[in-house]
Amino acid sequence: MRLFFLAIMIVILSISTAFAQVHGDLVEYRQGDVLLEGYMAYDDSFKGQRPGVLVVHDWLGVGSYVKARTQQLASMGYIAFAPDIYGKSVRPTNAKEAAGVAAQYKADPTLLRLRVNAGLDILRNQPHVDAGRIAAIGYCFGGGAVLELARSGANIAAVVSFHGNLSTKAQEDAKNIRAKILVLHGADDPFVPADEVSAFQDEMRKAGVDWQMVIYGGAVHSFTNPGSGNDAASGSAYNRIADKRSFEAMKTFFAEVL
């Protein structure tokens, strides 16, 4: 499985860099007293101002998967930044560790919002980022994180959640949302059940948010990540078709709003 995951990551990275000179840099910054280390990717062959995309990691933190996605976006002409929600020294090495760390932020949405907004500030202040054309996307844990960023009232154009958590402790904060919202969801995701989906939809409707949801039949949790394996019965599995379709949906959405 590890070899399969590494092979897919190599393919993603090769696609990202085949037609562009993408650079990736580790970026240290702080939220309060906590030292964080994110990952910035850009193609310096693109000149002038360009849109920025915040890319929030899954529950494993800033690792190879989110870096590959960040490079992929950079090859498309965006300046992409993967913020560090956990802290520079916090890098879970397995699902048990990841679940424990992620739970801290799910239980404390105020802290989660502060961490995501800290990353947004780093991206917004890049000299070649057009501050009026910024989007935030996230995977699994990160999908829930970018929805909390939207609920915080962040001044961004778009938010995209890939198989992310949809619940929140503060549904009333949906009135603060200024971004357009796209949720890409697996129809058979056992970790985001139907009642959570319905509650999210009601939240968006009541707040008058510009939102849309695309649901992929046969897809479970983490369907964009090859590292999730292929055992759908486990609740998390890669789905090549849903991965491709969801990425295309994001691109279409960005073409509209950015």
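Taking the centroid of alpha carbons for each part, the stretch 155-215 and the stretch 109-150 are 16 Å apart. Think of it as helices only: each DSSP H run of n ≥ 4 in the chain is worth -39500 (n - 2.57), and spread over all residues that comes to -12500 deg cm²/dmol at 222 nm. Computed from backbone phi, the HN-Hα couplings of the stretch 109-119 come to x, 5, 5, 4, 5, 4, 5, 5, 5, 4, x Hz, rounded to whole numbers (Karplus: 6.51 cos²θ - 1.76 cosθ + 1.60, θ = phi - 60°; Gly and Pro given as x).
Residues ASP58, ASP188, ranked from the fewest to the most other C-beta atoms within 10 Å, line up as ASP188, ASP58. Around the amide H of LEU166, modelled in the peptide plane, lies no amide H under 5 Å away from a residue 5 or more places distant or on another chain. Among the trypsin sites (Lys or Arg not before Pro) found in the stretch 150-258, those both in a DSSP coil and sparsely packed, with 15 or fewer other Cβ atoms within 10 Å of their Cβ, are LYS169, ARG178. Normalised by the number of residues in the chain, the average gap of Cα pairs under 8 Å and 6 or more apart makes the relative contact order 15 percent. Taking amide H as placed 1.01 Å from N in the peptide plane, GLY218 has its amide H under 5 Å from the amide H of ALA187, ASP188, each at least 5 places away in sequence or on another chain. Taking other C-beta atoms within 10 angstrom as a stand-in for reagent exposure, PHE200, PHE253, PHE191 fall in the order PHE191, PHE253, PHE200, fewest first.
Full extension of the chain between SER234 and GLU172 gives 19.0 nm of extra length, using 0.36 nm per residue less the Cα-Cα distance. Each residue of the stretch 32-47 was assigned a 3J(HN,Hα) from its phi angle through the Karplus curve 6.51 cos²θ - 1.76 cosθ + 1.60 (θ = phi - 60°); the sequence is x, 9, 9, 7, 10, 9, x, 9, 9, 10, 7, 10, 7, 7, 7, 10 Hz, with glycine and proline shown as x. A cut-off of 5 Å between modelled amide H atoms, ignoring neighbours fewer than 5 places along the same chain, links HIS23 with TYR42, ASP43, ASP44. Evaluating 6.51 cos²θ - 1.76 cosθ + 1.60 at θ = phi - 60° for every residue in the stretch 178-194, the Karplus couplings come out as 10, 7, 7, 10, 10, 10, 10, 10, x, 4, 10, 6, x, 8, 10, x, 4 Hz, glycine and proline recorded as x.
Ordered by the number of other Cβ atoms lying within 10 Å of each residue's own Cβ, fewest first, GLU37, GLU97, GLU148 fall into the sequence GLU97, GLU37, GLU148.
Each reported figure results from applying straightforward, stated rules to the coordinates on display, with no laboratory input. Computed from a predicted structure; not experimentally measured. No Cβ is skipped: glycine too gets one built from the backbone with ideal geometry, and neighbour counts run over all protein chains shown.
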